[in-house]
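Enquirer: Below are the structure tokens for one structure; questions will follow.
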Amino acid sequence: MNELLNLLKQNALETPENMAKMLGISVDEVKKQIVQYEKEGVIRAYQAVVNEEKLDSSLVTTVIEVKVTPESEGGFDRIAERISRFPEVESVYLMSGTFDLLLFIKGRTMHEAAGFVSEKLATMPGIVSTATHFMMKTYKQNGIVMHTGEDDERLKVSP
Amino acid sequence: MNDSKSLHSRIAKTVRDIPRSGIRDFFDIVSSREDVISLGIGEPDFVTPWHIREAAVLALDRGMTSYTSNMGLLSLRRGISQYVEKKTGIAYRPENEVLVTVGVSEGLDLAIRALIEPGDEVLYHEPSYVSYNPLIQFAYGKPAAIQTKKENGFRLTRDELEENVSDKTKILLLNYPNNPTGAALSKKDVEDIAAFAIEHDLIVLTDEIYDELTYDRDHFSIISVPGMRERTIYLHGFSKAWAMTGWRMGFTCAPPELTEAMMKIHQYTMLCAPILSQEASVEALKNADADIGYMKAEYKKRRNFIHASFEEMGIPCIRPDGAFYAFADISRFGMTAKEFALKLLDEQNVACVPGTAFGACGEGFIRCSYATSMDEIKEAMVRIARFIEKL
């Protein structure tokens, strides 16, 4: 993948000046490429990776496996897009295997998540069945380990 | 008998006369301070990749706690032989041409002790890794340091070699990619040096511990030059590219006679390298290409960044081709390297190593290791810029 995208994926707040130095290209070139990626929809957003467990009112993440009857036209796309419109739905993936769609839902309580499944999801036409899992602890997310790291154990100066 | 003066006088003269490493002096000063950003560390900031660590855990689980063959596990020597052949095109027989050592440090000591008779000269280039000169002296050899020059990018030239060779010269010791300068050699440079070694009938010891870490072109080993395999001891190890410093794993590849000679010393001093480290290294050779690629890509970004930052500050710094060090020229500030490093530490809490720790010709330079996180490097560069503004 493009090196600039890799840098942004590691740290979206990195300055164009620093990225230019790391990649050995000009600042203008960095800016130009970013604008291009944004325009093409390659870069969709810049978000913070938040350790929810550090927050008092941590949100409950629910993972739902969904079996769907595909439609003759459009297959899974239409129902997946429909599900995606719910703001509480964080991610939607089409999967191979024993179920079709995998959803990640964020809610304030388990009750709220359960309500989403029973009232909004299960009643939707085309949904055959659902299996709901509650996420208990996040160890790593978006490539970031959630517990704050160990100290550098190396000697301060070595040959 | 009890006073320390008389004990001191009993220490062997060779040992007594060798000064403490400049690195250790500096280490003591840095260690006494809090919150230092250190660019003084000569080892990767990465932890050994998990699958390699797991191989050691599994080996421990299986009860592998014994000695191994003095030469090292045959499975490891086979892996090393394949690795070296893939990198250099030169095949070494695992049975009698590959020796597993406790780091390159031990390998180098073995090689020097196996070859040197009192008074024999060893040609090597400075600035250099701190152990070369003392190891030669411990073996009663005579260190003949060639001062490589900034103008040549700290690459060793044939002319410099010709100026320094004598009829006592027995060994040429090379280390490219180089610690502390980051210099690497082109194929042509290597061929010139090889021609010199053949002409003067020298044994070459080549410390290629940083061979995986080159950023602009692939490393070319001197053993790949025709006529060199039979006169060279190739030294390598797992510390740098595999991020395995603490495992203490190195190896030598050399013709059977030389391997056997080194083996004698190794057998009676070290017996064998630790078995868990050897098991981990077997895994390292099998499955670590992606890890090395990842780490190398990170180092390259940091190399680019640190080099561009120094240039921006008006501090000349040869763009390092390899290893993970930038050797920055701070001579224009009218201070010695040590004064500069101490003042920088004092005022901005950034540690780097004065070039003089690597030989007298390191005067006027500081070694900045970029084996530390990009965030730390960024902050260090901001602080160095602030520091020099006030000078």
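Enquirer: Looking at this model, which pairs from B:Lys188/B:Lys378; A:Lys106/B:Lys286; A:Lys67/A:Lys140; A:Lys9/B:Lys390 are more than 31 angstrom apart at the alpha-carbon?
Expert: Exceeds cut-off: B:Lys188/B:Lys378; A:Lys106/B:Lys286; A:Lys9/B:Lys390.
Enquirer: Please report how far the C-alpha centroid of the stretch B:148-210 lies from that of the stretch A:131-159, rounded to the nearest whole angstrom.
Expert: When both Cα centres are located, 44 Å separates them.
Enquirer: Taking the stretch B:340-391, how much of its Cα-Cα pair set, in percent, is spaced more than 18 angstrom apart?
Expert: I get 32 percent for the Cα pairs in the stretch B:340-391 exceeding 18 Å.
Enquirer: Taking springs between alpha-carbon atoms closer than 10 angstrom, which of B:Thr269, B:Thr356, B:Thr259 fluctuates most in the Gaussian network model of chain B?
Expert: It is B:Thr269.
Enquirer: Where the Cα atoms of the stretch B:239-310 are projected onto their three principal axes, how long is each span, largest first, in whole Å?
Expert: Each principal axis gives a Cα extent; for the stretch B:239-310 these are 49, 26, 22 Å.
Enquirer: Please order A:Met124, B:Met270, B:Met249 by the number of other Cβ within 10 Å, starting at the fewest.
Expert: With the fewest neighbours first, A:Met124, B:Met270, B:Met249 line up as A:Met124, B:Met270, B:Met249.
Enquirer: While we're here: Using the Cα atoms of chain B to build a convex hull, what is its mean projected area in square nanometres?
Expert: 20.6
Enquirer: Then there is this: Across 10 Å bins from the origin, how do the percents of Cα pairs in the stretch A:68-138 run, short distances first?
Expert: All Cα pairs considered, the percentages come to 17, 57, 23, 3.
Enquirer: Rounded to two decimals, what ratio of Rg to Rh does the stretch B:247-391 give with C-alpha atoms and a Kirkwood Rh?
Expert: 1.11
Enquirer: Another question, then. In whole Hz, what ³J(HN,Hα) sequence does the stretch B:230-241 give by Karplus (6.51, -1.76, 1.60; θ = phi - 60°), x for Gly and Pro?
Expert: Once θ is set to phi - 60°, the couplings for the stretch B:230-241 become 6, 10, 10, 9, 8, 10, 8, x, 9, 4, 8, 5 Hz.
Enquirer: Between A:Val63 and A:Gln10, what FRET efficiency comes out of the Förster formula 1/(1 + (r/R0)^6) with R0 = 25 Å and r the beta carbon distance, rounded to 0.05?
Expert: 0.45
Enquirer: Loop-only check: which trypsin sites (Lys or Arg not before Pro) in the stretch B:336-391 are DSSP coil with at most 16 other Cβ within 10 angstrom?
Expert: Those that pass, being in a loop and sparsely packed, are B:Lys390.
Enquirer: Quick one: dipole size for the stretch B:74-179, taken about the Cα centre, charges +1 on Lys/Arg Cβ and -1 on Asp/Glu Cβ, in debye to the nearest 20.
Expert: In debye, rounded to 20, the stretch B:74-179 gives about 440.
Enquirer: In percent, how large is the relative contact order of the stretch A:15-159, given Cα pairs closer than 8 Å and 6 or more residues apart?
Expert: 24
Enquirer: Points 7 angstrom from Cα along the Cβ direction at B:Leu342 and B:Ser131: gap in nanometres?
Expert: So the label points at B:Leu342 and B:Ser131 sit 2.9 nm apart.
Enquirer: So which of B:Lys87/B:Lys296; B:Lys86/B:Lys300; B:Lys87/B:Lys264 end up more than 25 Å apart, counting from Cα to Cα?
Expert: Checking Cα-Cα distances, B:Lys87/B:Lys264 exceed 25 Å.
Enquirer: Beyond 21 Å, how much of the Cα-Cα pair distribution for the stretch B:44-161 remains, as a whole percent?
Expert: 61
Enquirer: While we're on this one: So which GluC sites (Glu not before Pro) in the stretch B:51-135 end up in coil per DSSP with only 15 or fewer other C-beta atoms within 10 Å?
Expert: B:Glu95
Enquirer: Still on this model: So if I take the centroid of the Cα atoms in the stretch B:9-57 and the same for the stretch B:114-133, what is the distance between those two points in Å?
Expert: 21
Enquirer: In cubic angstrom, how much convex hull volume per residue do the alpha carbon atoms of the stretch B:182-334 span?
Expert: Taking the convex hull of the Cα positions in the stretch B:182-334, it is 165 Å³ per residue.
Enquirer: Ok, one more. Per residue, how big is the convex hull of chain A when only Cα atoms are used? Give it in Å³.
Expert: 192
Enquirer: Rank these for me by crowding, B:Val36, B:Val204, going from fewest to most other beta carbons within 10 Å.
Expert: In order of increasing Cβ crowding within 10 Å: B:Val36, B:Val204.
Enquirer: With each run of n ≥ 4 DSSP H residues scored as -39500 (n - 2.57), what mean residue ellipticity at 222 nm is computed for the protein assembly as shown after dividing by its residue count and rounding to the nearest 500 deg cm²/dmol?
Expert: Here the helix-only value at 222 nm equals -12000 deg cm²/dmol.
Enquirer: Could you compute the longest span of chain A free of chymotrypsin sites (Phe, Trp or Tyr not before Pro) located in DSSP loops and having at most 12 other Cβ atoms within 10 Å, not counting the site residues?
Expert: A:47-138
Enquirer: Could you please rank A:Leu55, B:Leu58, placing first whichever residue has the fewest other Cβ atoms within 10 Å of its Cβ?
Expert: A:Leu55, B:Leu58
Enquirer: What is the sum of charges, Lys and Arg at +1 and Asp and Glu at -1, for the other residues whose Cβ falls under 12 Å from the Cβ of B:Phe27?
Expert: My count for the surroundings of B:Phe27 gives +3.
Enquirer: Next question. Scanning chain A for trypsin sites (Lys or Arg not before Pro) in DSSP loops with at most 10 other Cβ atoms within 10 Å, what's the longest stretch left with none?
Expert: Counting at most 10 other Cβ atoms within 10 Å as exposed, the longest clean stretch of chain A is A:86-136.
Enquirer: What residue among A:Met135, A:Met22, A:Met110 shows peak mean-square fluctuation when chain A is described by a Gaussian network model with Cα springs under 10 Å?
Expert: Judging by the Gaussian network model, the answer is A:Met22.
Enquirer: If you average 1/r across every pair of different Cα atoms in the protein assembly as shown and take the reciprocal, what Kirkwood value do you get, in Å?
Expert: Hydrodynamic radius (Kirkwood, Cα only) of the protein assembly as shown equals 26.8 Å.
Enquirer: Treating only the Cβ atoms of Lys and Arg (+1) and Asp and Glu (-1) as charged, compute the dipole magnitude of the stretch B:204-322 about its Cα centre; round to the nearest 20 debye.
Expert: 140
Enquirer: In peptide A:15-22, what is the residue-averaged number of other protein chain Cβ atoms found within 10 Å of each Cβ?
Expert: For this peptide, the per-residue mean of nearby foreign Cβ atoms is 5.
Any read-out appearing in this document is the output of simple, stated calculations on the displayed coordinates, not a laboratory observation. As the structure is a computational prediction, the values presented were derived from the model and not from experiment. Positions of Cβ are backbone-derived with ideal geometry, glycine not excepted, and every protein chain shown enters the neighbour counts.
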